[in-house]
Each structure stands twice: as structure tokens, then as C-alpha cells.
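The next block holds one structure in the form of C-alpha cells; read it before the comments.
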Amino acid sequence: MAAGERPATMRAVQYSGSGGGAAALKFVEIAVPSVKKDEVLVKVEAASINQSDLMTQKGMMRPFHPKFPFIPVNNVSGEIIEVGSAVREFKAGDKVVSKLDFWTAGGLAEYVATSEKLTVARPAGISAADAAGVPVAGMTALQALKAIGTKFDGSTGSGADVLITAASSGVGTYAVQLAKLGNHRVTATCGSRNLDLVVSLGADEVLDYKTPEGATLTSPSGRKYDYIVNIANQNKWSTFKRRLSRNGRVVDVAPNFGNVMASVVTLFSRRKKLSLVSLKMSKGDLALLLELMQEGKLKTVIDSRHPFEKAAEAWARSLSGHATGKVIVEM
């Protein structure tokens, strides 16, 4: 087992039960985790907060819940200081990005042990903060667009009419950029303060979701959508159906109950249908996203950066529902 400098203890942020919001987060001094044979120990440089982290604390995953006390956040980037005996891909000193195991997490800490299978190399020139934003939000966007057959080389693709809802969210900001790489014509929804941002990411048309046109997802040019990538959980199948082309399809990554039922009802439909997409960890997908970032074709939109000592402020910002892009905690 290769080893770097390994302290005995570390600071971490944890909560002891469901609910409580930012006020429930507490700093603790605990032992640095030991690595199993297939794990690496990462000195965390940056972590990003996702909606799934907030939902876990709220108890929205019941009857499933993590073991308490729990250190939240499953997206991190940092430097490996130790590797397990069976690890072959990495060595101490490597810069990496990891999507931690959802139920054990551990990202809001100075060090975290994570599986080699959940970790990829961080290319030179990409900051820890930019990389930390990618795993959940970036892969969700990528896999949603893959589900409609998108290629990401910028020169081939279907050139479909695509609507992306909640386009200024963490997932949405990646989805707009990736859809344009796939040569799609993109209509996007967001709040009025983010219209210019979403246009700068490549959207061809932008709707303020609070306007009548935005609420009904009506394209300014009158086009019907071949695909809708839904990231906003308040949207309904009844609204989507009116805006789809003859054989249009909705790919929903944030389904409400009604849309889950619609996915069942339309499962064997030959025309308009709604499908659910759930994130699956893929080292290949994560590596592709980082490669696109290194090539300057994709960027992380950062809402705010918070020092580790103010992790609760980052949590509160995420809970506010007003973040544009990613909320980052830097160690």
C-alpha cells in the first residue's frame, strides 16, 4: 500500500437525523477513514452539493435512509494520498474526481475513502471546483441526452428540436451545453434573471417559466419539440404532450408522481411517450465530461464558492432553490 502524509484525525461536517436544514450540520473531529483494498484515500479539495444530498437529509428517500451520524455530499475532487493493495489505476499524488457511494457519502470532510470504481483522473488544467460539480449533475445531463441518441462530437447528431426545462440548474447548465454539442436546436426554460446566462450557454430560444408562454412551454418560434429533457419536477405530462411533435418523447430526470404514472401508461406508445432516466455511475461518462471540459467545450457554471468553515452557508444556499449552477465547498 502506497502512502502519502496521513493524519490520524480530520474535520468533517455531519448531521444526526432527518430534517433540520443547515442548522443541523455540525463540525466534528473524527478519525481519518482507513482504505479497503480496492479504495483510495482522497484529500478533498472541493465538493459540490446536489439535490439528492438535500433530499436525503429531508428524509425523502424513506424508508431508506443513511446510517446516522452521516457525512453528506457525494461529489468531490482532490488528491490521492493513499491507495489500497488492489488498486491499479491510481497512485498517491494523483488528482481525481469521485462520485462517492450515495448511502455512505462522506464528501463534506477533509479526507474520504472511496472505491477505485467510482473515481476517475482529473485532467490537467481543470480546477478542483469545476471538476467537483460534474459527477451527478453532469452525468445526469449526459445520460438524459444519450437516451435520445445524442452524439457529443459537435459535428454529427440528429439536429432535433429539444426543450430543456430548469436550464439554469446544475443539471440544466450542463444539459444545454451538451445538447448544442449534439447539434440540437435548443429551447430552454429558466427564471428571468438567468435568461442571458442560458443564451450564453448556447440556447437558441429561452422562456421565462413564470410567463404564460413559459408555463405552457410554448416555443417562441411555434416549433413542436422532438424531445423534452425535463429537470423541473413541477411540470406535467399533460403540458408536455401538447408541445411534442408527432413522435415526440419526454426524458424525465426529476419525475413527479403523475409523470411516473405517465411513463407506465405510455411505455408501449408508438407516438408520444414519457421515459424516466435514473443516474447510473459510469467512469466512461465521467471521463468524457472531463475530456470535454479540458477541450474547452463544456464548463461548470458555479453559483457560489464557500470555504469549508462555512459549509452550512453553502447548504442553505442550495436549500434556497435559487442557486444558478453549482454550489461548491472548498477545503
Completion exercise
So, over other residues within a Cβ distance under 14 Å of Q294, counting Lys, Arg +1 and Asp, Glu -1, the net charge is +1
Exercise for the section: May I ask you to derive the relative contact order of the chain, considering only C-alpha pairs under 8 Å and at least 6 residues apart, and to give it as an integer percent? Expected result: 17 percent
Exercise for the section: Starting from the Cα coordinates of the stretch 138-276, work out the convex hull volume and express it per residue in Å³. Expected result: 93 Å³
Exercise for the section: Report the full-extension gain for the segment T104 to E291: residue separation times 0.36 nm, less the Cα-Cα distance, to one decimal in nm. Expected result: 64.5 nm
Exercise for the section: Keeping the other protein chains in place, figure out the carbon and sulfur percent of the accessible area of the stretch 112-236, with a 1.4 Å probe. Expected result: 52 percent
Handout entry: Average projected area [Cα convex hull, the stretch 1-93], square nanometres
Key = 6.7 nm²
Problem - Enclosed volume per residue, in Å³, of the convex hull spanned by Cα atoms of the stretch 64-223 - result: 169 Å³
Problem - D (Stokes-Einstein, µm²/s), Kirkwood Cα radius, the stretch 270-328, 0.692 mPa s at 37 °C - result: 226 µm²/s
Practice task
For n ≥ 4 DSSP H runs only, could you compute -39500 (n - 2.57) per run for the chain, divide by its residues and tell me the 222 nm figure to the nearest 500?
Solution key: -7000 deg cm²/dmol
Completion exercise
Rg (one decimal) and Dmax (whole number) from the Cα set of the chain, in Å, equal 20.1, 62
Problem - Loop-located trypsin sites (Lys or Arg not before Pro) in the stretch 88-135 whose Cβ has at most 10 other Cβ within 10 Å (DSSP) - result: R88
Completion exercise
If one builds a Gaussian network model of the chain from Cα atoms under 10 Å apart, the most fluctuating residue listed among P33, P220, P63 is P63
Exercise for the section: Using only Cα atoms, figure out Rg for the stretch 221-300 and give it as a multiple of 2.2 N^0.38 Å. Expected result: 1.31
Completion exercise
per DSSP, antiparallel bridges as share of beta bridges in the chain, % nearest 5, sits at 60 percent
Exercise for the section: Give the peptides 170-180, 314-324 in descending order of average Cβ contacts within 10 Å, highest first. Expected result: 170-180, 314-324
Problem - Average accessible surface area per residue within the chain, 1.4 Å rolling probe, Å² - result: 44 Å²
Completion exercise
One finds the C-alpha centres of the stretch 45-71 and the stretch 272-319 to be spaced, in Å, by 16 Å
Problem - Counted charge near I81, where neighbours are those whose Cβ lies closer than 14 Å (Asp, Glu -1; Lys, Arg +1) - result: -3
Exercise for the section: Please give the peptides 104-110, 56-62, 189-195 ranked by average Cβ packing (other Cβ atoms within 10 Å per residue), highest first, as a rough proxy for protection. Expected result: 104-110, 189-195, 56-62
Handout entry: Ordering of 267-273, 303-309 by packing [mean C-beta count within 10 Å, highest first]
Key = 303-309, 267-273
Handout entry: Chain lengthening between E313 and D208 when straightened (0.36 nm per residue, less Cα-Cα)
Key = 35.0 nm
Practice task
Please give the net charge around G17, taking every other residue with its beta carbon less than 15 angstrom from that of G17, where Lys and Arg add +1 and Asp and Glu add -1.
Solution key: +4
Practice task
Grab the eigenvalues of the alpha-carbon gyration tensor for the stretch 1-159, scale each by 5, take roots, and send me the semi-axes largest first in whole angstrom.
Solution key: 27, 23, 13
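The values are calculated or read from the model by the stated rules, or taken from the named source; none is laboratory data. Please read these numbers as outputs of a predicted model, since none were measured by experiment. Positions of Cβ are generated from backbone atoms using ideal geometry, with glycine treated the same way; all protein chains shown enter the neighbour counts. For the accessible areas, the whole protein counts, side chains as well, though only heavy atoms, and no ligand, DNA or RNA atoms are used. Shrake-Rupley method; radii C 1.70, N 1.55, O 1.52, S 1.80 Å.
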